[in-house]
Every structure is written in C-alpha cells, then in structure tokens.
1. For the subset of segment 222-236 comprising residues that are modelled with pLDDT of 95 or more and not hydrophobic (A, V, I, L, M, F, W, C), which member is nearest to Ile151 (Cα to Cα)?
2. Pairs please, first residue from segment 148-172 and more than 27 Å from Gly129 (Cβ to Cβ), second anywhere and in a helix (DSSP H, G or I), Cβ atoms under 7 Å, 6+ apart in sequence or on different chains.
3. When you go through Val31, Val70, Val43, Val94 one by one, which is the residue that is modelled with pLDDT under 95 and either surrounded by fewer than 20 Cβ atoms within 10 Å (Cβ to Cβ) or within 30 Å of Lys199 (Cα to Cα) (or both)?
4. What is the one condition in (1) crowded, with 20+ Cβ neighbours inside 10 Å; (2) in a loop (DSSP other than H, G, I, E, B) that Ala112 does not satisfy?
5. Which members of segment 255-278 meet the condition of being among the aliphatic types (A, V, I, L, M) and closer than 21 Å to Lys146 by Cα?
6. Only one residue in Ile83, Ile123 is modelled with pLDDT of 95 or more and either out of contact with any Phe, Trp or Tyr (no Cβ under 6 Å at 6 or more places or on another chain) or closer than 19 Å to His5 by Cβ (or both), so which one is that?
7. Which of the following residues is modelled with pLDDT under 95 and of a type in the set (Asp, Glu): Glu219, Glu239, Glu252?
8. May I ask you to say which residue of Asn190, Asn177 is within 19 Å of Gly8 (Cβ to Cβ), of a type in the set (S, T, N, Q) and either surrounded by 17 or more Cβ atoms within 10 Å (Cβ to Cβ) or at pLDDT below 95 (or both)?
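The values are calculated or read from the model by the stated rules, or taken from the named source; none is laboratory data. Computed from a predicted structure; not experimentally measured. Positions of Cβ are generated from backbone atoms using ideal geometry, with glycine treated the same way; all protein chains shown enter the neighbour counts.
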Amino acid sequence: MKRNHVLGAKQFDREMLEGIFQTTREMERVVANGGSDRYSNKVMTTLFFEPSTRTRLSFESAMSRLGGKVIGTENAAQFSSTIKGETLEDTIRVVSGYSDVIVIRHTDIGAAERAAAVATVPILNAGDGAGEHPTQALLDLYTIEKEIGRIDGIHIAMIGDLANGRTVHSLSYLLTNYRNIHISFTAPENVQIPTYVKKYLDDHGISYEEEYDLTKVAEKADVLYQTRIQKERFMSLDEYEKASGKYIIDRELLTHMKQDSIILHPLPRAGEIAVEVDEDPRAAYFRQAQNGLYIRMALIEKCFEE
C-alpha cells in the first residue's frame, strides 16, 4: 500500500482486512461519543468526475467527524480545469499540494491508479467507471460480518448488472481472502459477470455458478446482493431494456429466502427492490449505507498511519 493508497480490492489480504474492520469498530465508538478532533490539521480533497451522493457525503462526513477539513467539487468534469483540457495527472499534481488525502471518482477505468502514480498524498478510489469500487466492497464485507457474524462459508448471490457493476467486481476480489465461499451470479444475458472476474475467482479456488433462476438462488443464499441496472453504462436504450426489470426482490421473493439471510444493495436503487421489502428485518441495505461512514473513517485513519 504505497503511500497508503486505496486503489483496488486486490491489494488487500485477510490480515489487512481484519485490521481495517477492527479500526472500523473503533470508529463506530468514536461517532457514538460525538466524534474526534484528531485530524484538525488535515485537509481532504474530493474530486468527483462522476455523480455521487452516498460515497461523497460519507467520505466528507467521515473526515469531518475526525476533525478534518474538506474541499473539492462534486462535478469536477464540468467545473474544473478539466474542461479547459487539463490532464488528470496535472490536476492531481496540483491538488496534492493543497491536500493531505484525495478522494477521486472518475468515469475511466484505471483513473485512480493514474492519479496515484503522480500524487504526493494518499489516493482513495471512490469508483472508476465500470472498474472497481474498493471502499464500497470493504463496507459490504464489513456489513456481512456484522449482520451474519462470519464471512467464511457464506453463499452470496450477486444480482443485476454484473458486467458494469464495479461494486460486484471489487466484492468478488475481496471474497477470495475467505474460506468456503460460494457465489451465485444471477444476471440478464447481456450483463453477465466478466470473464476476467471469473478467472480471478478460478485462480483463487472460489466456487461459483451462473444461475438465472432468482427464486432458486434465494432459497439457499445467505446474502442477496442486489444491484441496479445502470442505464448510463449502456450504449443503446435497446440493450438497457433487455436487462431492465428482470430481477426484482419483492414480498413474494421474501417468502423463498432463509430466515437468517440478508439483502444488500450498494444503492441507489431504481425499482429492483420493492419498497415493501424495507420493513423486513433481513433488509440490511440502509444499515449497510451507514457502515460506509465507519469504514471510510477507518480508511482515513489508515491513510495517516506512519
């Protein structure tokens, strides 16, 4: 972790994950006790070249609750020197001089790595196109452990837009650090899980299947990880409509789920989880979003470790 960057899920091993989760539990206590001023002399810059609500606000809240300051833009593509033709690398070189840590979300796969190559401060990848979203995957994994009590031995179903779902890619990579994992990939035909993700799972001995019947999967999975069909990632409306509305978690599906299973979603949702599901105790996605604050506080803490 050169300069304590967080760039992708593959950089973490199990020992590192356990350390991050321990720090995350400590951060839950920090928030419960009213926050901290330990980083009152630190500045975080948030550079979001792609829209975000939860990720950006949770990072900003995390820094604020640790006593730090936040500067940046939620629309860097339109309201920055980028529109004048400045390269990402030049932007990062300049902003590094203003900051102690930079959070970046970008439309291009690999943008975080490009930023880290020239940055003089830690870079935290808040999503790079259809590539990865490592901080989301970390909070997803933390939520699974917190809700179920374990990660080893779980059966997780990943549902929806698996081709463009960077959260699914990152979570799949993180799960290779655990034992006896089984993954069911349930997706429309035109947004199946990429071959390179399956190869990584094969290389690490992870059991998985591609199963089109969501009811069948729901009957045996410990975790249903639902994702949005991402309209903005499709080249045509026709391709989007082929995938949209195929897999929906509703009251009927709840009757097929195990009583001790949970439903996760990285949010925002767009109809793929019915509102009626929210009242079910297995619906953990809002608790999952709350955990994003604690995880990102922990990552900021790790950024400043010597």
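1. Looking at the filtered set, the residue picked out is Asp222.
2. Final answer for the pair search is Ile151/Leu141; Ile151/Ile144; Ile151/Glu145; Ile154/Ile144; Ile154/Ile148.
3. Result: Val94 is the single residue among Val31, Val70, Val43, Val94 that is modelled with pLDDT under 95 and either surrounded by fewer than 20 Cβ atoms within 10 Å (Cβ to Cβ) or within 30 Å of Lys199 (Cα to Cα) (or both).
4. Result: Ala112 fails condition (2) only.
5. Filtering segment 255-278 for residues among the aliphatic types (A, V, I, L, M) gives 257, 262-264, 267, 270, 273-275, 277.
Selection gives Met257, Ile262, Ile263, Leu264, Leu267, Val277.
6. On inspection, the qualifying residue turns out to be Ile123.
7. Working: Glu219 fails: modelled with pLDDT under 95; Glu252 fails: modelled with pLDDT under 95.
Testing whether each residue is modelled with pLDDT under 95 and of a type in the set (Asp, Glu) leaves just Glu239.
8. After applying the criteria, what remains is Asn177.
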